[in-house]
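Asks: There's a structure below that I have some questions on.
The values are calculated or read from the model by the stated rules, or taken from the named source; none is laboratory data. Keep in mind the model is a prediction, meaning the values are calculated, not measured. Cβ placement follows ideal geometry from the backbone for every residue including glycine, while neighbour counts extend to all protein chains displayed.
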Amino acid sequence: MTDAERQWVSAAKDGDVEAFNQLVRMYEGRVYGLAYRMLGDSDSAADVAQDTFISAFKAIKRFREGSFAAWLLRIATNACYDVLRAQKRRRTTSMDQLLAGDDDSPGEQFEDQSLPLDQHMINRELQAAIQAGLATLPEDQRAVLIMCDIQGFAYEEIAAATDTQLGTVKSRLSRARAKLRDYLKSRELLPTAER
Amino acid sequence: MTPISEQQQELLSAALDGQLSAAEQAQLDQQLEHDHGLAVEFAELRSMQALLQELPPVRPPRSFTLDPAIHAPKRSFWLGGWIRWVGVVGAFALMLTVGLQLTNQSGQSMTMAPVADMANPEAANGVSDRMAIENNNTSAEAPPMGSGSGSGPADPSQPTTAEDTMAVLDQTPEPMVGGAAPAMIEGYPTPMAYSSIPISDTAGMARMSAEQATALAGSPLNNPLIDQNNPSSPGTLDLEQPVLKEQTPTAQPVPIAMAESEPSLLLWFSIALVLGVGLASAMVYWLKSFKQP
């Protein structure tokens with residue numbers, strides 16, 4: 001944590017909403033990104049992100065030392081698990097809507113809109129395939145893969161965010177990578193290596 | 001090509017992230033040189049990781065900052081409740097104090113002040129002085145207080161304007177007439193002066209309406225003690241003039257004072273009640289506004 005981050009956390013513990021909003025601005029991209037990659041739906045991801053920050057502000061006095069980002073992502077991950085469980089109970093899968101060409105496709109969510117149209121379409125297709133491949137992974141493996149390869153967290157932070165041991169993180173990450181590799185390879189989206 | 005074991009898979013995954021020790025990395029490099037399938041697997045994983053890392057960041061559809069008006073922490077329940085209860089208890093204590101003070105003052109006034117004092121505060125001092133003078137003058141003539149059932153003017157030769165008063169009251173005052181004098185001379189009321197009211201007097205008081213009593217006490221025109229034609233009568237009395245001796249100074253109908261003091265007491269107590277409730281309401285309003293800055 002940076003010094004500014006520590007000060008904001010300290011002030012937020014004293015009830016300073018504006019200081020907490022500084023933390024929100026710092027992490028809202030990552031929290032929303034995790035939720036979006038986990039759920040594949042922008043509305044649900046926005047709800048999870050908002051709930052995450054509200055829950056974090058209410059519980060910030062319980063935050064001790066360590067990575068604030070990992071603590072925040074732990075709240076977000078648990079919120080995503082709750083949404084996924086609720087979706088299973090309702091037998092509705094937003095991923096199916098995503099694959100069926102719903103307007104709320106992942107390509108609409110990305111920032112880089114300045115590419116040429118053909119490159120933009122290729123990227124959009126690839127991103128949709130990756131998002132679909134992520135949806136095939138078990139939830140715990142999906143969360144670890146998103147945090148490590150997409151968001152760039154260290155193993156220790158992922159272990160803290162998922163409340164697991166370091167070895168568990170390595171194991172889940174290895175399996176997730178192998179499964180996603182197989183998925184992309186089967187759709188010829190992965191560059192073929194020389195054999 | 002032999003299938004890759006789970007242990008080798010974890011080794012490749014850790015190698016992607018640079019999590020291997022130097023010894024482990026050296027061991028893996030040797031395996032990659034000799035196992036082509038393992039090398040292909042490693043290359044595919046590296047390509048996939050590059051794809052994931054190159055994914056553009058997701059743009060949040062809106063800001064998730066919290067609204068301070070909604071999410072600002074509320075004050076502690078115990079602290080708020082403590083202050084609130086202190087306000088309520090303080091308001092009641094204020095009411096009680098004011099009420100008791102008024103009650104005590106009113107009780108002293110009833111036992112001490114004659115009817116004219118209660119009705120006409122402007123003449124109060126003059127009447128008191130007059131009573132003191134008369135008591136000095138009549139102490140030698142009048143029978144001592146409590147000596148039988150004699151009325152104030154024991155001497156029938158004295159002009160008894162008190163009789164007019166009694167006519168209004170429809171009851172002859174009893175030893176109270178003479179009884180109040182010593183107490184007034186001593187300058188401090190005694191409970192005996194009030195408690196010595198005969199039952200017949202209280203009955204007369206009951207027959208007399210409060211309106212009559214107020215009119216009688218408040219208006220000099222209705223005061224039988226005042227001679228309307230006499231400019232030196234008590235109603236128009238110059239305080240420096242000597243008090244008319246023929247008047248009966250101590251024939252003060254205490255029941256009239258009681259009839260008038262009770263509404264006054266209620267009035268003051270009501271004012272205290274309203275002030276107390278208003279104070280409590282103001283404190284509650286202040287606390288609520290403090291909660292929502």
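Asks: Please go through region B:1-19 and pick out each residue that is at pLDDT below 90 and assigned to a loop (DSSP other than H, G, I, E, B).
Replies: Answer for region B:1-19, where residues must be at pLDDT below 90 and assigned to a loop (DSSP other than H, G, I, E, B): B:M1, B:T2, B:P3, B:I4, B:S5, B:Q19.
Asks: Of all residues in region A:145-172, which are surrounded by fewer than 19 Cβ atoms within 10 Å (Cβ to Cβ), among the hydrophobic types (A, V, I, L, M, F, W, C) and under 16 Å from the mean Cα position of the chain (by Cα)?
Replies: Within region A:145-172, A:A154 is the sole residue that qualifies.
Asks: Return the total of residues in region A:155-195 being under 17 Å from A:C80 (Cβ atoms), of a type in the set (S, T, N, Q) and either facing chain B (nearest Cβ under 8 Å) or in contact (Cβ under 8 Å) with a residue 60 or more places away in the chain (or both).
Replies: 1
Asks: Considering each residue of region A:137-154, count those that are without any contact (Cβ under 8 Å) to a residue 40 or more places away in the chain and under 20 Å from B:L55 (Cα atoms), and give that number.
Replies: Of region A:137-154, the ones without any contact (Cβ under 8 Å) to a residue 40 or more places away in the chain are A:138, A:140-141, A:144-145, A:148-149, A:152, A:154.
Narrowing the set further to residues that are under 20 Å from B:L55 (Cα atoms) leaves A:141, A:144-145, A:148-149, A:152, A:154.
Count: 7.
Asks: Of all residues in region A:40-80, which are within 12 Å of chain B (Cβ to nearest Cβ) and β-branched (V, I, T)?
Replies: A:V48, A:T52, A:I54, A:I60 - these are the residues of region A:40-80 that are within 12 Å of chain B (Cβ to nearest Cβ) and β-branched (V, I, T).
Matching residues to (1) surrounded by 14 or more Cβ atoms within 10 Å (Cβ to Cβ); (2) facing chain A (nearest Cβ under 7 Å); (3) over 26 Å from A:S42 (Cβ atoms):
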position	(1), (2), (3)
B:E10	yes, yes, yes
B:A14	yes, yes, yes
B:Q27	no, no, yes
B:L52	yes, yes, no
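Asks: While we're looking at this one, here's another question. Considering A:G152, A:G167, which residue is closer than 26 Å to A:Y27 by Cβ and out of contact with any Asp or Glu (no Cβ under 7 Å at 6 or more places or on another chain)?
Replies: Unique residue meeting the criteria: A:G152.
Asks: Among the residues of region A:56-66, are any touching a Ser or Thr at 6+ places or on another chain (Cβ under 8 Å) and either modelled with pLDDT of 90 or more or of a type in the set (A, V, I, L, M, F, W, C) (or both)?
Replies: No, region A:56-66 has no match at all.
Asks: Further question on the same structure: Would you say A:L115 is at pLDDT below 75 and either over 30 Å from B:A15 (Cβ atoms) or part of a helix (DSSP H, G or I) (or both)?
Replies: yes
Asks: Of all residues in region A:15-39, which are more than 8 Å from chain B (Cβ to nearest Cβ) and under 12 Å from the mean Cα position of the chain (by Cα)?
Replies: A:Y27, A:R30, A:L34, A:A35, A:M38, A:L39
Asks: Has region A:19-30 got any residue that is without any contact (Cβ under 8 Å) to a residue 24 or more places away in the chain and in contact with a Leu (Cβ under 9 Å, 6 or more places away or on another chain)? Step through it out loud before you land on a result.
Replies: We begin by selecting, within region A:19-30, every residue without any contact (Cβ under 8 Å) to a residue 24 or more places away in the chain; these are A:19, A:21-22, A:25-26, A:29.
Still in the running and in contact with a Leu (Cβ under 9 Å, 6 or more places away or on another chain): A:21.
Yes, the conditions are met somewhere in region A:19-30.
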